[in-house]
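These notes concern the structure reproduced below.
No lab work stands behind these numbers, since they all come straight from the coordinates. In this text the structure is predicted, and so the values were computed from the model without any measurement. Heads up, the Cβs are rebuilt from the backbone with ideal geometry, glycines too, and the neighbour counts pull from every protein chain shown.
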Amino acid sequence: MKKLKFLDEHLEEIICVAVLAAMTLVIFIQIIIRSISSFVTIPMAWTEEIGRYLFIYAVYVGAAYATRKRAHQKVDIFPILCGDTGKLIFNLIGDIGVVVFAGAMAYYGWQVVENVAFVFVQRAPATKLNMGIAYFGPFLGMALCTFRSVQNIIFHIKEYREKKSLRAEGGDK
């Protein structure tokens, strides 16, 4: 149970740190190879390709991380003016919008992964990796966004009920 709680709290962070560290290493290797290329000819197209794929993972998993932290850009003036019920409604509208968008992206993203990786197998030009690996990043990020948005919906409803019950008891005015 502790492992699941740890993953729930840190999954996106772990993936982002690993991906950004790998991307930094690959780009550093590319810089070193370019600096010595006047002495030795070494093909380096693979570093650019791998760096690009790692960047794609970082962007999409980073979006899921922002969703988990509820850190996406939003306009707060309407929820503030409307009170607790209005805040709940605006938060639910935003989170349901993310669920619909990210859910559709994850669904169609998986179809792309299936087609590219298994049906019409495509290979990366420099590394000859299966392109399904590259296309899995957007699917993973959007699936995590969908999951985290559902968690946010549950969080907002619980928070609203707790505030409502505190007011009913006379604890918070």
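Values as computed for the structure displayed
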| read-out | value |
| --- | --- |
| Gain upon complete extension [residue 159, residue 89; 0.36 nm per residue less C-alpha separation] | 24.0 nm |
| Simple Cβ-charge dipole of the range 2-168, Lys/Arg +1 and Asp/Glu -1, about Cα centre, in debye nearest 20 | 420 debye |
| The range 115-173 - Rg (one decimal) and Dmax (whole number), Cα, Å | 22.4, 67 |
| Cα-based Lys pair tally, the chain, threshold under 27 Å, eight or more apart or on separate chains | 23 |
| Projected area averaged over orientations for the range 63-144, convex hull of C-alpha atoms, nm² | 6.3 nm² |
| Rg/Rh (Cα only; Kirkwood hydrodynamic radius) as it applies to the chain | 1.14 |
| Added length on full extension, which subtracts the Cα-Cα distance from 0.36 nm per residue, residue 115 to residue 72 | 12.3 nm |
| Label-reachable residues, the range 49-81, where backbone N falls under 17 Å from a point 7 Å from residue 10's Cα toward its Cβ | 65, 69 |
| Equivalent ellipsoid, the range 94-141 (semi-axes from 5 times Cα gyration tensor eigenvalues, Å) | 26, 10, 5 |
| Loop-located trypsin sites (Lys or Arg not before Pro) in the range 1-94, at most 16 other Cβ atoms within 10 Å (DSSP) | 69, 70, 74 |
| For the chain, calculated [θ]222 nm from helices alone, where every DSSP H run of n ≥ 4 adds -39500 (n - 2.57) | -28500 deg cm²/dmol |
| Order of 57, 107 - criterion: other Cβ atoms within 10 Å of each residue's Cβ, fewest first | 107, 57 |
| For the range 2-168, with +1 on Lys and Arg beta carbons and -1 on Asp and Glu, the positive-most of 10, 134, 100 along the dipole | 10 |
